[in-house]
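The values are calculated or read from the model by the stated rules, or taken from the named source; none is laboratory data. Note that the structure is predicted; figures quoted are calculated from it, not measured. Quick reminder, even Gly has a Cβ in these numbers, built from the backbone with ideal geometry, and neighbours come from all protein chains shown. The protein model used for the area step is the full one, side chains on, heavy atoms only, and it has no ligands, DNA or RNA in it. Shrake-Rupley method; radii C 1.70, N 1.55, O 1.52, S 1.80 Å.
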Amino acid sequence: MKEDLATRLERENLSIASFKKRVLAYFIDNFILSFIIYIIFYTPLTQAKDLMEMIEVSRNFGLSFILIRLIYQIIFTYLYGASLGKMICKIIILDEYVLDKPNLIQSCIRSSVSELSNSAFFLGFAWALSNNLRKTWEDYAAKTVVVNVA
């Protein structure tokens, strides 16, 4: 008989991360990434001579922000099982089958679906409110779960 995820987590003394911690981690990550983007685009924005140049820089900024956020999430999820925000909040992403950090493919899937969820008015994140394991769209797609470290 296959053991369900909640039972395995309980057996390993792991608890599901709260929705509050996940939201806080998200805001911490976005603050860090916004600061990085600000540093990268500070000079082009200050050197724009007119409104059209500022619009062009802003368009590049939007795509760059998404790409940087995607790469940031993939790298940190793959290497550490958590982004900087999740580390600060003491939560970690685990593969739901082996209860270890996600592999590279899972990290890519999770980050990509997270970006889709963000662009869909955070509906994927709100999904976590409807289930006991607090799983979002990216957790379902990548077969991961977010748990407390301590």
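So here's what we get for this one:
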read-out	value
Hey, LYS49 under 17 Å from ALA128 (Cβ atoms), open to solvent by 80 Å² or more (accessible area, probe 1.4 Å) and among the charged types (D, E, K, R) or not	no
Selection from region 52-81 of residues that are surrounded by 13 or more Cβ atoms within 10 Å (Cβ to Cβ), among the small types (Gly, Ala, Ser) and without any contact (Cβ under 8 Å) to a residue 24 or more places away in the chain	SER58, GLY81
Residue check, TYR97 modelled with pLDDT of 90 or more, within 20 Å of ALA141 (Cβ to Cβ) and outside any helix (DSSP H, G or I)	yes
Residue that is surrounded by the most Cβ atoms within 10 Å (Cβ to Cβ) [pool: residues in region 126-150 that are hydrophobic (A, V, I, L, M, F, W, C) and in a strand (DSSP E or B)]	VAL146
Check on GLY85, within 16 Å of the chain's Cα centre (by Cα), at pLDDT 95 or above, at positive phi and not polar (S, T, N, Q)	no
Index of the failed condition, VAL57 passing every other in (1) in contact with a helix residue (DSSP H, G or I) (Cβ under 6 Å, 6 or more places away or on another chain); (2) at pLDDT 95 or above; (3) farther than 20 Å from SER112 by Cβ	(2)
Residues that are over 30 Å from ARG59 (Cα atoms) and surrounded by 12 or more Cβ atoms within 10 Å (Cβ to Cβ), drawn from region 16-41	ILE16, ALA17, SER18, PHE19, LYS21
Qualifying residue in region 89-112 (condition: touching a Phe, Trp or Tyr at 6+ places or on another chain (Cβ under 9 Å), open to solvent by 80 Å² or more (accessible area, probe 1.4 Å) and either touching a residue at least 60 places away in the same chain (Cβ under 8 Å) or within 30 Å of GLU10 (Cβ to Cβ) (or both))	yes
Hits in region 6-15 (condition: charged (D, E, K, R) and open to solvent by less than 50 Å² (accessible area, probe 1.4 Å))	ARG8
Residue in region 19-34 that is modelled with pLDDT under 95 and farther than 24 Å from LEU116 by Cα present	no
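For (1) within 17 Å of VAL23 (Cα to Cα); (2) outside any helix (DSSP H, G or I), each residue gets a yes or a no:
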{"residue": "ILE93", "(1), (2)": "yes, yes"}
{"residue": "GLN106", "(1), (2)": "no, no"}
{"residue": "SER111", "(1), (2)": "yes, no"}
{"residue": "GLY124", "(1), (2)": "yes, no"}
